[in-house]
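Below is one structure; the comments refer to it alone.
The values are calculated or read from the model by the stated rules, or taken from the named source; none is laboratory data. Worth saying up front: this structure is predicted, and the values here are computed from it rather than measured. As a convention, Cβ positions derive from the backbone with ideal geometry for all residues, glycine included, and neighbour counts pool all protein chains shown. Side chains are part of the model used for accessible areas, which takes the heavy atoms of the whole protein and leaves out ligands, DNA and RNA. Shrake-Rupley method; radii C 1.70, N 1.55, O 1.52, S 1.80 Å.
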Amino acid sequence: MKLIYKSAAIAVFVAMFCSLYVTVQAQQKQPLPKLGKSSLKQVIDAMTVQEKSKLVVGMGFKMPGMPPPKKDQKPQSTDIGGFKLPPSDPDAYNIPEKVPGAAGRTHAIPRLGIPSITVSDGPAGLRIEPKRPNDPKTYYATAFPVATLLASSWDTALVKKVGVAFGNEVREYGVDVILGPALNIHRNPLGGRNFEYYSEDPLIAGSMTAAIVKGIQSNGVGTSIKHYAANNQETQRNSVNAIVSERAMREIYLKGFSIAVKASQPWTVMSSYNKLNGTYTSERRDLLTTILKDEWGFKGFVMTDWFGGKDAVAQMNAGNDLLMPGNPNQSDAIVAAVKDGTLTMKQLDANVERILKIILKSPTFRGYKYSDKPDLAGHAKIARMVASQGMVLLKNENEALPLTGGKRVAVFGNTSYNIIAGGTGSGDVNKAYTISLVKGLANAGYKVQETLEKSYNDYIADAKSKQPKNRNFFTPPPVIPEMDVNSIVAREADGADVAVITIGRNAGEGRDRKLENDYYLSPTEKELINNVSNAFHAKGKKVVVILNIGGVIEVASWRDGVDGILLAWQPGLEAGNSIADVVSGKVNPSGKLATTFAMDYKDEPSAKNFPGTPEKKPEQVTYEEGVYVGYRYFDSFKIKPAYEFGYGLSYTKFKFSDAKVSSNDFKGSITVTVTVKNTGKVAGKEVVQLYLSAPNNNIDKPESELKAFAKTALLAPGQSQFMLFTLHSRDLASFYTDKAAWIADSGEYKVKIGSSSRHIEETVKFNLAKAIVTEKTHKGLTPEASINELKNK
Ligand code: BGC
């Protein structure tokens, strides 16, 4: 018996040993899954919940000017730019950055072959630290012209070109995803970040975004189109509740994003800071999953804006796949939520999978050997050329421009000497240089009045020396009041052939612009324009104003006093050369406004609802103007703007003729053709704009809406170009909230073709026999209370 027991025990022991041996063998035989080598499912299955919670939360942010958190010490909250920042992840300090100055990173999970990827600002060029400790090399990037200028080119092929150069810098400096482009709608001229955004019109915003995304991503790097959505102000940007109707969201504020997502599949989308109809956008599943991913087919991942939203678990559940810049508390909350069931593993896996899919495409994952030597000289040439294509000639009385070569120019205005290449904050770029206007004019062969130049240089240097050092990241440089030129202006009017005055404006994230001394010219600027105009006009000499601005200003009260106005926007690092190219006529201006210049601020449709209530610290802002944004408002309500949407002069003239529709009855699609002829004396380009007036028997609709546009080639005098546009049924449709559908109403459609929204040269018509439901949508985004929306009937 004893023997039997003994042998049984030995047998059990041997069996146990063998099975253990087999398991160990099996484990040794089955190596860990690796990203790129194993299926995504295998990689995700092998991840622990902790690892997943790290991947969906960024590696943290090095607070500018803050010491690294000490070991075992919970980092403290701080207060930068008016809002509380949560504690940072010690990893941000402890793990060396791949690219110093980049805005954020994801966590690596080396055991599964998952690298950390690097994301960096911003929309007008790569924003990284230009210098590194103990490294003689520099890491400057090209400051391209700001988005508002790019949009004013109305030339998507050109904007794509910018993207190709821009994306090359992203790749060659070792970054994986650029945090741009930005495409929020210009709802109000005081929006502090309007310079980063394209237009008041969603077709322009969406088309420009798609073009630059295609260009950037052709380099094998990603983009993050931002800030999704209804982020149209900086005042209280981290908490303000934007109350917007679903129709205004669909037709205006989401439309550009949908165009860009469908046409260019950006790698990522950045959700915005604000609340939308009561909930943070980063916590809205209808916005991030139902609309963006399910309806539009977005394949990438969504990241928050930096420190955006409040509730990490709600963000995960909404489909906000990555939380940036990330802190360990968020990961802890996610792990706890999986444990208590408030976050399902399925949802977390879905977020993880979207991030991994993009990591797989990233240069870092592919082991790209970046050079740190992009072709900055070549890109500067592109920046110079593009800037001149987006400048808008607003006024040109008696051919004040172009200025013939060799002229003696008296150059006034601080920003002529201290030009503004682009705005501040994350939209700024660390560039190696900026060409001032005086330098650009001198390079073009003009004789800049030297005594005046010296006075300005001394005046500006003195003012700068008195300015506070160590400016906060969110604070634009202090404005230097214009120099008093009373005592010298007569001398200049004697000595020079012409006067050029620059008016400059700067702005950036974190604050909106003000009316006084910003939207309106300051008293010293008005005085400068008056004094110079009086003195030069008295001598029969002309005065040209250059607007070096990022957003709309008031022009109606002073424009009559000057002969020419060139809207140069913020033109990037080659600023002065680009302006000189247009001033000299080397480039014939062909830019058109993608944003209306009102006669006065009070004419703006959002003026009484910006930046919200209560006035002191707005908690909410109601978009009572509904779909009547920009020209949709000015045209429908017959308000005369100073310069309308689509407006811009040329040194030549164009004539439109022979507009035709392919059929009088709309069946699925229709083509519209028109011929454009250069009837003037110099070569030039024209922007052909197609507006549509739809039947409005059922719902209130804007008087007309831009549905297509194209820029001609450079046409020689007498040369013509045949232009063809196709309209699809979706271009005819408006959003019907009650039916949750886009519907093209039956009836007569008027196609208006012109060189601006108010300069229509040709009109043709077609008929739609039966209404078409062009797209069914999900219900969502519903405001908590009804909005007293503006109506046109
Ligand atoms: C801005 C984003 C930017 C991010 C990272 C935020 O303050 O709103 O546009 O990409 O910072 O720098």
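Observations on the structure shown:
- Here the simple spin-label model places points 7 Å from the Cα toward Cβ, and for residue 487 and residue 720 these points are separated by 6.3 nm.
- A compact globular protein would have a Cα radius of gyration near 2.2 N^0.38 Å; the ratio found for the stretch 658-738 is 1.35.
- Against the empirical 2.2 N^0.38 Å (N residues), the stretch 507-656 has a Cα radius of gyration ratio of 1.20.
- The chain: angle of helix 523-538 to the longest principal axis, Cα-based, in degrees nearest 10: 30 degrees
- With the convex hull drawn over the C-alpha atoms of the stretch 273-422, the volume per residue is 249 Å³.
- Added length on full extension, which subtracts the Cα-Cα distance from 0.36 nm per residue, residue 683 to residue 457: 77.6 nm
- Cross-link pairs 54/431; 161/361; 750/770 - those with Cα-Cα distance over 28 Å: 54/431
- By accessible area with a 1.4 Å probe, ligands and nucleic acids excluded, highest first: order of 251, 295, 748: 748, 295, 251
- Of all aspartates and glutamates in the structure, those lying under 20 Å Cα to Cα from residue 779, and not within fewer than 8 positions of it along the same chain, are 246, 251, 283, 286, 294, 295, 738, 789.
- Only helices enter this figure: runs of n ≥ 4 DSSP H residues, each worth -39500 (n - 2.57), summed and divided by the residues of the chain, yield -8500 deg cm²/dmol at 222 nm to the nearest 500.
- Peptide packing: for 612-621, 543-552, 572-581, the average count of neighbouring Cβ atoms within 10 Å per residue gives the ranking 572-581, 543-552, 612-621, highest mean first.
- Anisotropy class of the stretch 145-229 from Cα gyration tensor, a/c 1.5 cut: prolate
- For the stretch 600-705, the alpha-carbon radius of gyration amounts to 1.49 times the rule-of-thumb value 2.2 N^0.38 Å expected for a compact globular protein.
- Counting all C-alpha pairs of the stretch 95-176, share separated by more than 15 Å (%): 63 percent
- Remark: the Cα gyration tensor places the stretch 220-297 in the prolate category, a/c being 1.5 or greater and a/b exceeding b/c.
- Using a probe radius of 1.4 angstrom, the carbon and sulfur fraction of the accessible surface of the stretch 228-386 is 53%.
- With every protein chain in place, the stretch 661-701: carbon and sulfur % of accessible area (1.4 Å): 44 percent
- Per the Kirkwood formula applied to alpha carbons, the chain shows a radius of gyration over Rh ratio, Rg over Rh, of 1.03.
- DSSP-assigned coil residues among trypsin sites (Lys or Arg not before Pro) in the stretch 539-592, each with at most 10 further Cβ atoms within 10 Å: none
- When peptides 626-639, 360-373 are sorted by average Cβ neighbour count within 10 Å, with the highest value leading, the order is 626-639, 360-373.
- Against the chain, whose longest principal axis comes from its Cα atoms, helix 328-340 is set at around 50 degrees.
- Carbon + sulfur, % of accessible area of the stretch 402-543 - ligands and nucleic acids excluded, 1.4 Å: 51 percent
- Across the stretch 390-526 the C-alpha pair distances fall into 10 Å bins from zero in the proportions 10, 36, 37, 15, 2 percent.
- Cα Rg over Rh - the stretch 634-793, Kirkwood: 1.03
- Stokes-Einstein diffusion coefficient of the stretch 486-593, Kirkwood radius over Cα pairs, 4 °C, 1.567 mPa s, in µm²/s: 86 µm²/s
- In the context of the full set of protein chains, residues of the chain present 40 Å² of accessible surface per residue (probe radius 1.4 Å, heavy atoms only).
- Pairwise FRET efficiency - residue 696 versus residue 372, Cβ, R0 = 51 Å, nearest 0.05: 0.35
- Cross-link reach list, aspartates and glutamates versus residue 373, counting only Cα pairs under 18 Å and skipping chain neighbours closer than eight places: 129, 135, 169, 172, 176
- Once the gyration tensor of the Cα atoms in the stretch 227-359 is diagonalised, the equivalent ellipsoid follows with semi-axes of 23, 18, 13 Å, ordered largest first.
- Estimated dipole of the stretch 118-162 in Debye, rounded to 20 [Cβ of Lys and Arg +1, of Asp and Glu -1, Cα centre]: 120 debye
- Taking the centroid of alpha carbons for each part, the stretch 88-134 and the stretch 740-793 are 45 Å apart.
- Between residue 655 and residue 111, full extension at 0.36 nm per residue minus the direct alpha carbon distance yields a gain of 189.2 nm.
- Cβ-Cβ FRET estimate between residue 526 and residue 788, R0 fixed at 45 Å, reported to 0.05: 0.75
- Rounded to the nearest 10 Å², the accessible area of residue 726 at probe 1.4 Å: 60 Å²
- Restricting attention to the stretch 499-599, lysine pairs at least eight places apart or on different chains and with alpha-carbon atoms under 28 angstrom apart total 11.
- Among 406-413, 382-389, 145-152, 524-531, the order from most to least packed when residues are scored by Cβ within 10 Å on average: 145-152, 382-389, 406-413, 524-531
- The listed residues 759, 379, once ranked by accessible area (1.4 Å probe) with the largest placed first, stand as 759, 379.
- Over 31 Å apart at the Cα level, from the set 160/616; 407/653; 275/739; 310/701, are 160/616; 310/701.
- The slack in the chain from residue 465 to residue 138, taken as 0.36 nm per residue of separation less the alpha-carbon distance, amounts to 115.1 nm.
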